[in-house]
Amino acid sequence: MPFIAKTAPIPSLADEHIRIEERPMYGGRDIRVGSEVFLWSSETQGGVGLWGKGTVTAIDPGGPKPAITVRIDQRVNSGNFGLIEIAPHRDSTQDTPIVGLARKLYKHAHNKIAGLTNAEAELLQQNFE
């Protein structure tokens, strides 16, 4: 299962590994070492939306917010994919990948680690090709 981590902007990306501590929602507790993770920085906190993807290399499950270490494998190649693109779909009742992303990322605005459907991951993957 692929995942998405929505976080505050990460100030320095000098290292190719980042540590993320966010609450698990929408199946986020199922994350495992080896899981694919799309990386999203919250625009309401000064971020850019989707900015990269990586692979979980370590998990510290202690506490209410598991800490995951992610190796950054790829950064977004083209344009931005963020709040402007998904906000109009936030309250839709349709069952489409963009509606699912809008609900997971902005219906409950918390930063989080969330599970994705394969269709949602495919939609995000288009930003890396």
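The values are calculated or read from the model by the stated rules, or taken from the named source; none is laboratory data. Keep in mind that what you see is a predicted model, and the values were worked out from it rather than measured. For neighbour counting, all protein chains shown are included, and Cβ atoms are generated from backbone atoms with ideal geometry for every residue, glycine included.
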Filter result (more than 15 Å from Thr7 (Cα to Cα) and in a loop (DSSP other than H, G, I, E, B)) within the stretch 89-129: Arg90, Asp91, Ser92, Thr93, Gln94, Asp95, Thr96, Leu116, Thr117, Glu129
The residue that is nearest to Trp40 (Cα to Cα), considering only those in the stretch 94-129 that are modelled with pLDDT under 90, out of contact with any strand residue (DSSP E or B) (no Cβ under 8 Å at 6 or more places or on another chain) and surrounded by fewer than 16 Cβ atoms within 10 Å (Cβ to Cβ), is Ala109
Hey, can you tell me all the residues within the stretch 74-88 that are farther than 16 Å from Lys6 by Cβ and over 14 Å from the mean Cα position of the chain (by Cα)? Asn77, Ser78, Gly79, Pro88
Quick check on the stretch 2-61: of everything there that is surrounded by fewer than 19 Cβ atoms within 10 Å (Cβ to Cβ), part of a strand (DSSP E or B) and basic (Lys, Arg), which residue is modelled with the highest pLDDT? Arg19
Limited to the stretch 26-49, what total is found for residues that are within 18 Å of Gly62 (Cα to Cα) and touching a Gly at 6+ places or on another chain (Cβ under 9 Å)? 5
Go through (1) in contact (Cβ under 8 Å) with a residue 40 or more places away in the chain; (2) assigned to a strand (DSSP E or B); (3) not aliphatic (A, V, I, L, M) and name the single condition Pro64 misses. (2)
